[in-house]
Structure formats: C-alpha cells, structure tokens
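Let me begin by presenting the structure, written as structure tokens, before commenting on it.
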Amino acid sequence: MAQPPIFRLLSAAALGLPLIAAPASAASITANGAITASGPAAVHSAANSPAVGSRPSATPALTAVIPAPVQVTPAAGRTFRLGPLTVIRTQPGSPAARAVGEQLARDLRPATGFRLPVLPVAPPRLPVVSLLLGAGDGRLGTEGYRLTVAADRVTIRANKPAGLFAGTRTLLQLLPQEIDSPTPVRRPWTVAGGSILDYPRFAYRGAMLDEARHFHTPDEIKSYIDEISRFKVNYLHLHLSDDQGWRIQIDSWPKLTTVSGGPGTGVDGEGPGFLTKSQYREIVGYAARRYVTIVPEIDMPGHVNAAQVAYPELTCDGVAPPPRTDTEVGYSSLCIGSETTYRFVEDVIRELAAMTPGPYIHIGGDEAHATPEADYLAFEQRVLPLVAKYGKTAYGWNEIAKSPASTTAVAQYWDTATTNATVAAAVTRGTKVVMSPANQAYLDMKYDRHTPLGQSWAGYIEVRTAYGWDPATRVTGVGESAVLGVEAPLWSETLRTLDDIEFMAFPRLPAIAELGWSPASTHDWESFSTRLGSYGPRWTLQGVNFYPSPQINWG
C-alpha cells in the first residue's frame, strides 16, 4: 500500500535527510494524469498553461534524441512520471555528480514548478532520478552513459561525471517539449520506459565563435555554451584575434586590448570590446560546469594587423599599419626574422596557457598569403614547440600540416576539397585532424541566396548539406583513426547580436553535433530531420532565434 505523505516525511527523517513535503498546496494527480493544485503555493495556473485550444505535446519516444544514441531499447507500457515528490539522487561522496544533479534540477524546476531536492540517498517509495558513478562498462569511456527508465525511477549510470551530464541532456529531450518553458506549465511530466546505451564516436565535438570580427559579450558566450551543450558539444573554440581586433587581455603587451580592442575595432568598426583575464576565467569555469572545454585561438603568422596596429615593432619596417575594418584576408604577416616576434608569441602563449585549463592552444596558421613559404615553415618550426613548452597541445588550421613540427599537433581541416595531399601525409606522421570543411560545417555560410546574414564564398549550406557527410570519409587518406572529431565554426563578419549567432547556428549545429557523437550506422536524413522538426518547439520556448528551414517539417 502506498505510504501517506506523513510516513514519507518520517522515512526521510529516519535517514537524516532534509524533509521532503508535498507543496504547501494540496497536489494530486487526476485520473487523466493532470496535476492539480490549490492554495497559495499552487504553481500551476491557467495563466501558465498552454494557449487555449492547444494540447500538451506527446511524451517523446526514446529514439527522439539528438544526437542519436548508440542503442535504444524501448519498454512498451512502462512510463516514469516526474512529480512534486520526485527527488534527484546523486552518487554519495562525489561533488561533481552532485553538481550535475543540481544543474538538472535547475533545468527542470522552471517548467514543472517542483522542488526536486538533490540528495545522496533517496527516501523510500519516492520517485527518483538517480545519477550514479561506477558503471563498470569500458565502452562508455569518460562521456558515455546508460539511462534506464522504470515506472518508479530513472537511473543514469556513467564511469565519469561527464557521462552523467551527457545523460541528463538526453533526459531533458525525453521529457515533453514544454520542459523548456521558462514558466510553470500544467501537464503530466512523463518519460517513456526502456533503456539507452550511449557514448560518443569522436572525442572532440566543437563549435567555434569568432570574437575578433565582432566582440560578443561574456553573457552572449555563456548563452551559446548553454545552447551547444544540449547537443553534447564539448569544446568551444574562441577566435580571439584577427586583423580587425584583439579580444583577450595579455598583461605583457597591454596595448593589444587598449588599442586593438577599443572603439572602432571590428568589421565596420562596430565590434569593440575584449575579455579581461577575469572574464575569460569566468567563461572557462562556466563552460567546465557544462562539460565544455574552451579552446583559445590567436591567429598567426597572418591575420595579425590588429596586433601590429598596437605594436609597430611586430612589423619588419617598424611602421604601424592602418587599422582595418573590412573583410579582406591574407595581407598581414608577422616579421618572421625578428626575435621580437618570438618574444611576443611566447608571451602570448605563456599567458594563455596559464589561464586555460583545457589541453589545446590554437595558433591559427591559415591564409598567411603575405608570409613566404620558407618563412611560414620557419615560423611554425619555432612556434609549434612553444605550445608544448607550456604544457598544451598545438592546434591550428590545416595549413600547419606543412610543417614537420606538426606531428604532435591537431590540424583543423577547413578546405572544401575532398583531397589534400599535405594533410594526408601529415596524418601518416601522427597528426590528428578535426573536420570543419567550409562548404559543409561553416555556420556563417548563408542557407540560401535570400539569407540576410552570412557569406557564400564556400557555397550555401542548408541543413541537409550540413548533415550529409561523414568525417571519416570526407578527405582521402584521413580515416576514422586519424579524425579527432568535428567542429562547426561561426565567423562574425556579419553578426552583431546573440539573435544573429542563433539564427546562423541553429538548426545546423545539431547536424554537426550528431556527426561527431553518433555511430555512422545511425546516420539517416529522414530520422534526423524528423527528430530536428520535433525539437523546434523547444527552441521556441527557450527563446532561441533559429532559422525555420523549409527542409524540415517543424513540429
């Protein structure tokens, strides 16, 4: 027989746990599953209900998740109901697991209105969402998880806290769409029964945001982190310098930001601003709590006009170039034969490494058309080892693969061709590759000729184009074992606001995320487009300014 609330309270007290009571209002579940409440503490009201005439969305199937899981086993007739007495149990003695539980509770409280206390032990007979470590399954690695849904509990097990976090992102998608409402919604909160086994195909699943062409504020960066982490994207690459601006504080070269991060910088002179070290560290910590690692990039030896405006000694003639606010590329270069150049480079790498706990420092290396080939190779031969000197792995655009020093580096493939002999040769020497083919993964490309933002030099990229490739077969000679992962870069020449970022990123970024996470065997446009269409109302509820692609039947 079910225990009355008073016995549930006594059970909690006996365990030495905080008392968990029903809301101050009388709450009950009616025969049709609706939650009713009365009294001053009622959290569901007509004002917060779906619009008149609308119906609650259906409980999603276990197969509705983006990115697609490795293995799904539905259990027909079994359903878990999240309710006002549900608790979130986390692995005892693990602050990291508790933090994941607290984040899940914060995600669930606005729409449900439930307290959802986070506890190390669940009181008897209460519905529980358990986040437990020690899965003991080598297939899961550090980010995989097993999710099991029974009538009285949801259990997520993982080897590491990153896997627990990934499992909670899946759980959010398994709840009805209204879970993303910022205010309470009156409806039953159910999860379909069964189990999911899931782990990533590639270790690196990234997004890139260009801070140099237009400075996006810390709050905008944090919002983007929230949005990309929902799709198990685990790296955010910040492009912090370019010809039009310098966006990160470097104490040993202070004019980089006071001059080249100030008013009038950015494309059309409309993108001033920079990150202080304190702000950068805050972003790093915010991202880490969502299991996203920040990758800072300082582009060199080209794309350095802003640095040379601030410090003319970085040019070969000692004369400062004029500031640039246009979108041309390939005209600037550090002075390769000057020792001042290497003092500057080492200072920047040293300071970046000191405030970046993640493993990578991106040193650019693309479009260095003003740097002679021999000078380029000489530059990379000196600079790539500097990154290792400060405990990081060097990362750069695919041009760095020309250097013999790139053997232990990561090359980011942004070319549009399906063959690249230089990159293929570097792979045989040990170089790993992150795939970002510009004609399929660049989020700043227009969707079509009518798109008001973006560029088209690499072609138009609709959702199906973004989804329609395989990272392990995209470039001849660069197979699965050589691919570290994928990244979706978003350049900011035409972007000004968070709305602009969202419009260009969504819905294409989930396509790239699925290529990075899901097994190749799950790659199916019809399935993906259906799942993506069902996700659209969630973006609407979240206030995300996504592009309603005509290729998708939006739910």
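The values are calculated or read from the model by the stated rules, or taken from the named source; none is laboratory data. These numbers were taken from a predicted model, which means no experiment stands behind them. For neighbour counting, all protein chains shown are included, and Cβ atoms are generated from backbone atoms with ideal geometry for every residue, glycine included. Side chains included, ligands, DNA and RNA excluded: accessible areas come from the protein's heavy atoms. Shrake-Rupley method; radii C 1.70, N 1.55, O 1.52, S 1.80 Å.
A few points about this structure:
- Condition check for residue 490 on (1) over 27 Å from residue 198 (Cα atoms); (2) open to solvent by 50 Å² or more (accessible area, probe 1.4 Å); (3) in contact with a Phe, Trp or Tyr (Cβ under 9 Å, 6 or more places away or on another chain); (4) touching a residue at least 24 places away in the same chain (Cβ under 8 Å): one failure, at (2).
- Residue count for the range 110-133, restricted to those that are open to solvent by less than 50 Å² (accessible area, probe 1.4 Å) and at pLDDT below 95: 2
- Each residue in the range 377-387 was checked for being in contact with a helix residue (DSSP H, G or I) (Cβ under 7 Å, 6 or more places away or on another chain) and surrounded by fewer than 21 Cβ atoms within 10 Å (Cβ to Cβ), and 5 pass.
- Residue within the range 46-55 that is surrounded by fewer than 18 Cβ atoms within 10 Å (Cβ to Cβ), modelled with pLDDT of 95 or more and outside any loop (DSSP other than H, G, I, E, B) present: no
- Scanning the range 70-109 for residues that are closer than 13 Å to residue 168 by Cα and assigned to a strand (DSSP E or B), we see that the one that is most open to solvent (accessible area, probe 1.4 Å) is 89.
- Residue 328 being open to solvent by 20 Å² or more (accessible area, probe 1.4 Å), at negative phi and assigned to a helix (DSSP H, G or I): no
- So residue 312, is it open to solvent by 60 Å² or more (accessible area, probe 1.4 Å) and either under 18 Å from residue 397 (Cα atoms) or not aliphatic (A, V, I, L, M) (or both): no
- Among the residues listed as 495, 484, the single one being outside any loop (DSSP other than H, G, I, E, B) and either within 21 Å of the chain's Cα centre (by Cα) or in contact (Cβ under 8 Å) with a residue 24 or more places away in the chain (or both): 484
- A count restricted to the range 545-555 and to residues that are surrounded by 18 or more Cβ atoms within 10 Å (Cβ to Cβ) and touching a Phe, Trp or Tyr at 6+ places or on another chain (Cβ under 6 Å) stands at 2.
- Count of residues meeting criterion [surrounded by 15 or more Cβ atoms within 10 Å (Cβ to Cβ) and either part of a helix (DSSP H, G or I) or at pLDDT below 95 (or both)] in the range 465-481: 3
- Qualifying positions in the range 194-245 - open to solvent by less than 10 Å² (accessible area, probe 1.4 Å), in a helix (DSSP H, G or I) and not small (Gly, Ala, Ser): 221, 224, 225, 228
- All positions within the range 331-365 that are open to solvent by less than 40 Å² (accessible area, probe 1.4 Å) and of a type in the set (Asp, Glu): 347, 351
- Boolean, residue 170 is part of a strand (DSSP E or B) and closer than 23 Å to residue 231 by Cβ: no
- Single unsatisfied condition, residue 259 versus (1) over 30 Å from residue 480 (Cα atoms); (2) surrounded by 24 or more Cβ atoms within 10 Å (Cβ to Cβ); (3) hydrophobic (A, V, I, L, M, F, W, C): (2)
- Residue check, residue 492 farther than 29 Å from residue 397 by Cα and in contact with a helix residue (DSSP H, G or I) (Cβ under 9 Å, 6 or more places away or on another chain): no
- The sole residue among 514, 502 that is open to solvent by less than 10 Å² (accessible area, probe 1.4 Å), part of a helix (DSSP H, G or I), touching a residue at least 60 places away in the same chain (Cβ under 8 Å) and over 20 Å from residue 239 (Cβ atoms) is 514.
- Considering 144, 136, the condition of being open to solvent by less than 10 Å² (accessible area, probe 1.4 Å) and either over 21 Å from the mean Cα position of the chain (by Cα) or not polar (S, T, N, Q) (or both) is satisfied by 144 alone.
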